[in-house]
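Participant: The structure follows.
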Amino acid sequence: MAALYIIIAVIAVIAALVFINIDVYFDIAYNSGVNRGRIYIKYGFIRFNILPQRSKHEKKQEKEQEESTKESKKDTAHIIKFAKAVYREEKEDILKILEKLLKKAIRIKELNISSEFGTGDPMYTGIATGMVNAVVYSGISYIDRNMKIDSWNVSLTPNFDDAVIKAGIFTKIRTNIFNLISIIWKAVFLILKIEKINRRISENG
């Protein structure tokens, strides 16, 4: 009888872990050339900070990044050929994963976009206002049609006196372990296919 209780308890714990919501938070801000942002994940009562990440070797990483950027310029032709091959051969699988991710696996619980912008010239600020509103509200409309979104708020404020750019985005995205595992499972097979394409292009030149 004790064994039965243990099995039931284990099943209950696994079920609870599977259906506990995972919330991903994006809080990004830009203010006149200064970027600030944080990304973190909440799984039940546990919180994982993704950004900002603190490292003791930031200078070394920046140097390595500069060197890798120089090397990457030499591989531009390879990257273009690789990207074209992946798009041509795996387009359908990529779109299926994105469709499942956007329409079924995740839900946007909250989306807040705010911005203050100005060019210093009232005429150009007015033109920019029309363009910014068109782009932002078209994007929101697309998201609202194709994804699950609970609430959203947009505040776009033109500044006709000064040249300024301030912007902020806060997003709360929800999913669960079951959906996450399903996406990862499909993504693994896709990555393996993409690696085969990369090896083939590297060997054939």
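Every number here is computed from the coordinates shown, using simple stated rules; none is lab data. Predicted model, so just to flag it, every value in this text is computed and none were measured.
Participant: Can you give me the C-alpha center-to-center distance between segment 181-204 and segment 150-172, rounded to a whole angstrom?
Facilitator: Each part reduced to its Cα centre gives a spacing of 39 Å.
Participant: Post the alpha-carbon centroid distance, segment 90-110 to segment 134-148, in whole angstrom.
Facilitator: Comparing the Cα centres of segment 90-110 and segment 134-148, I get a distance of 15 Å.
Participant: Follow-up. Could you give each residue of segment 100-105 its phi-based ³J(HN,Hα) in whole Hz, using Karplus coefficients 6.51, -1.76, 1.60 with θ = phi - 60°, and x for Gly or Pro?
Facilitator: 5, 5, 7, 9, 10, 7
Participant: While we're on this one: Length gain on complete extension for the stretch Val154 to Ala83, per 0.36 nm per residue less the alpha carbon to alpha carbon distance?
Facilitator: 22.1 nm
Participant: Okay, next question. Which far-off residues, 5 or more places away or on another chain, put their amide H under 5 Å from the one on Thr119, with H placed in the peptide plane?
Facilitator: Hits under the 5 Å cutoff: Thr125, Val164.
Participant: Quick one: which residues, 5+ away or cross-chain, put their amide H under 5 Å from the amide H of Ile20? H built at 1.01 Å from N.
Facilitator: The answer is Ile177.
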